[in-house]
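Student: Below is a structure I'd like to ask you about.
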Amino acid sequence: MKLGVVFPHNEIGVDPVAIRDYAQGAQALGADHILTYDHVLGADPDRPGGWSGPYDKDVAFHEPFTLFSFMAAATETIGFCSCVMILPQRQTALVAKQAAELAILSGNRFRLGIGTGWNEVEYEALDVPFAQRGARQAEQVELLRRLWTEDTVDYRGRFHTVTKASILPRPAEPVPIWFGGGHPALLKRCGRLGDGWVPIGTPNEKSREALTTIRAAREAAGLPWDGFGIQAQAQTRGGDPERWKTHHDRWQDLGCTHLAVVTHYVGHGTDVDAHLKSAEEYFQAVKD
C-alpha cells in the first residue's frame with residue numbers, strides 16, 4: 001500500500017515558499033502522493049436560513065490544478081490527486097485542458113479524483129444546475145477521455161455538445177479518474193467508469209460492502225479488478241502509533257492500494273516542519 005499525505009489546505013497559509021517546502025519535504029519523506037481537497041466557494045453563515053455545513057467562507061482551499069502545477073515544478077517523483085474535485089460544477093472541456101496540461105508538465109504524476117458534491121451554494125455561483133449532477137458526471141468522464149485521446153471529437157450528449165474539435169496538447173496517456181463518494185449509484189458508476197475509488201469512511205463492513213458493489217459493477221461491464229485503485233485516508237489527530245497501525249492494516253486487508261495521512265486540526269498551523277514531522281511519525285508507525 002502506497003503512503004501519501006493530505007495537503008493541510010486551511011493551515012498552510014499562502015506563503016509560496018512554505019508550500020514549496022511542504023511538497024519537497026513530503027517527497028523527501030518518501031511519500032508517494034499528495035492529496036488536496038477542493039471547494040471553490042464557502043458560504044457566509046450570515047445568510048437567509050443560516051449555514052451549518054462542514055466549512056464556510058473562512059476555511060481556505062487552494063485551487064488543485066494551480067497548486068499541483070506549482071508543486072510539480074518543485075518536485076520530481078511525488079504524485080498528486082484531487083480529493084475530490086467537484087466535477088459537475090466545472091466546464092468539462094476546460095477540465096480536460098487543465099488536467100492534460102498538469103499531466104504533461106508533471107510527467108504523468110496526476111490522478112483526477114472527482115465527486116458530485118453537496119453544496120448548492122457553489123453550484124449556484126458557478127451557474128450549473130445542482131440536480132442531475134450524477135448523470136452529468138458520468139457524461140463528463142466519457143467526454144474527458146475522448147478529449148484526451150482523440151484528434152477530433154464529435155460528441156452529442158445530454159449535457160454536452162462538441163462539434164469536430166479537441167484539445168492540444170494532449171497527455172501521453174489518459175489521466176486516471178478516481179471517484180469519491182459512497183452512494184450506491186455512485187459506487188456503480190465508479191465500477192463502470194473509474195480507475196479507482198476514494199472512500200469517505202473507515203475500513204469497516206460498510207466499506208467492504210461498497211467494494212463488493214464496485215467489483216460487481218466492474219465485472220458486469222467486463223472490466224478487470226486488477227489495476228483498480230483504492231485511496232483511503234488516515235488521521236493523526238486523536239491517535240497513537242498502535243491505533244494508526246491497526247487502522248492502516250484494516251485498510252490493507254480490504255485491498256486498499258493508497259493511503260494518505262491527514263495532519264490537520266492538531267495545532268500545527270502554518271508550521272511546515274510540524275506537519276511533516278507528524279506525517280513521518282505516522283509512516284514510521286505503520287511501516288514497523
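Student: Checking the conditions here, which among Ile19, Ile86, Ile12 is more than 24 Å from Pro129 (Cα to Cα), free of Cβ contacts under 8 Å to residues at least 60 places away in the same chain and crowded, with 18+ Cβ neighbours inside 10 Å? Step through it out loud before you land on a result.
Tutor: Numbers: Ile86 fails: more than 24 Å from Pro129 (Cα to Cα); Ile12 fails: free of Cβ contacts under 8 Å to residues at least 60 places away in the same chain.
Result: Ile19 is the single residue among Ile19, Ile86, Ile12 that is more than 24 Å from Pro129 (Cα to Cα), free of Cβ contacts under 8 Å to residues at least 60 places away in the same chain and crowded, with 18+ Cβ neighbours inside 10 Å.
Student: From the residues in region 249-288 that are touching a Gly at 6+ places or on another chain (Cβ under 8 Å) and under 27 Å from Gly227 (Cα atoms), which one is surrounded by the fewest Cβ atoms within 10 Å (Cβ to Cβ)?
Tutor: Checking each candidate, the answer is Thr257.
Student: From the set of residues in region 62-80 that are over 17 Å from Gly25 (Cα atoms) and outside any helix (DSSP H, G or I), which is most open to solvent (accessible area, probe 1.4 Å)?
Tutor: Filtering region 62-80 for residues over 17 Å from Gly25 (Cα atoms) gives 62-66.
Then keep just the ones that are outside any helix (DSSP H, G or I); that gives 62-63.
Numbers: His62: 40, Glu63: 64 Å².
Checked region 62-80; the qualifying residue most open to solvent (accessible area, probe 1.4 Å) is Glu63.
Student: Could I ask something else about it? For residues that are farther than 30 Å from Arg215 by Cα, out of contact with any Lys or Arg (no Cβ under 9 Å at 6 or more places or on another chain) and of a type in the set (S, T, N, Q), tally how many sit in region 245-277.
Tutor: Residues that pass the stated criteria total 1.
Student: Among Leu41, Leu94, which is the only one that is surrounded by fewer than 20 Cβ atoms within 10 Å (Cβ to Cβ), part of a helix (DSSP H, G or I) and of a type in the set (A, V, I, L, M, F, W, C)?
Tutor: Values: Leu41 fails: part of a helix (DSSP H, G or I).
The conditions single out Leu94.
Student: Only residues that are touching a His at 6+ places or on another chain (Cβ under 8 Å) and of a type in the set (Val, Ile, Thr): list them for region 227-284, please.
Tutor: The answer is Ile230, Thr263.
Student: Of all residues in region 265-283, how many are under 14 Å from Gly4 (Cα atoms) and touching a residue at least 40 places away in the same chain (Cβ under 8 Å)? Break it down into steps so the answer makes sense when it comes.
Tutor: Of region 265-283, the ones under 14 Å from Gly4 (Cα atoms) are 275-283.
Next cut, touching a residue at least 40 places away in the same chain (Cβ under 8 Å) only: 275-276, 278-283.
Adding up the residues that qualify gives 8.
Student: List the pairs whose first member sits in region 220-249 and is more than 18 Å from Met1 (Cβ to Cβ), whose second member is basic (Lys, Arg) and modelled with pLDDT of 95 or more, and whose Cβ atoms are under 8 Å apart, counting only residues at least 6 apart or on separate chains?
Tutor: Ala220/Arg192; Ala221/Arg192; Leu223/Arg192; Pro224/Arg218
Student: Still on this structure, I have one more. Quick check, is Asp226 under 16 Å from Gly115 (Cα atoms) and among the acidic types (Asp, Glu)?
Tutor: On the way: under 16 Å from Gly115 (Cα atoms): no; among the acidic types (Asp, Glu): yes.
Against the criterion (under 16 Å from Gly115 (Cα atoms) and among the acidic types (Asp, Glu)), Asp226 does not qualify.
Student: Find the residue count for region 22-31, including only residues that are open to solvent by 40 Å² or more (accessible area, probe 1.4 Å) and either small (Gly, Ala, Ser) or in a loop (DSSP other than H, G, I, E, B) (or both).
Tutor: 3
Student: Can we say Leu105 is within 19 Å of Glu63 (Cα to Cα) and part of a helix (DSSP H, G or I)? Steps first, answer last, please.
Tutor: Values: within 19 Å of Glu63 (Cα to Cα): yes; part of a helix (DSSP H, G or I): yes.
Here the answer is yes, as Leu105 does meet what is asked.
Student: Of the conditions (1) in contact (Cβ under 8 Å) with a residue 40 or more places away in the chain; (2) out of contact with any Gly (no Cβ under 9 Å at 6 or more places or on another chain), Gly181 fails just one. Which one is it?
Tutor: Among (1) in contact (Cβ under 8 Å) with a residue 40 or more places away in the chain; (2) out of contact with any Gly (no Cβ under 9 Å at 6 or more places or on another chain), Gly181 violates only (2).
The values are calculated or read from the model by the stated rules, or taken from the named source; none is laboratory data. This is a predicted model, so every value here is computed, not measured. Using ideal geometry, Cβ is built from the backbone for each residue, glycine included, and neighbour counts are taken over all protein chains shown. In case anyone asks, the SASA skips ligands and DNA or RNA and just uses the protein heavy atoms, side chains included. Shrake-Rupley method; radii C 1.70, N 1.55, O 1.52, S 1.80 Å.
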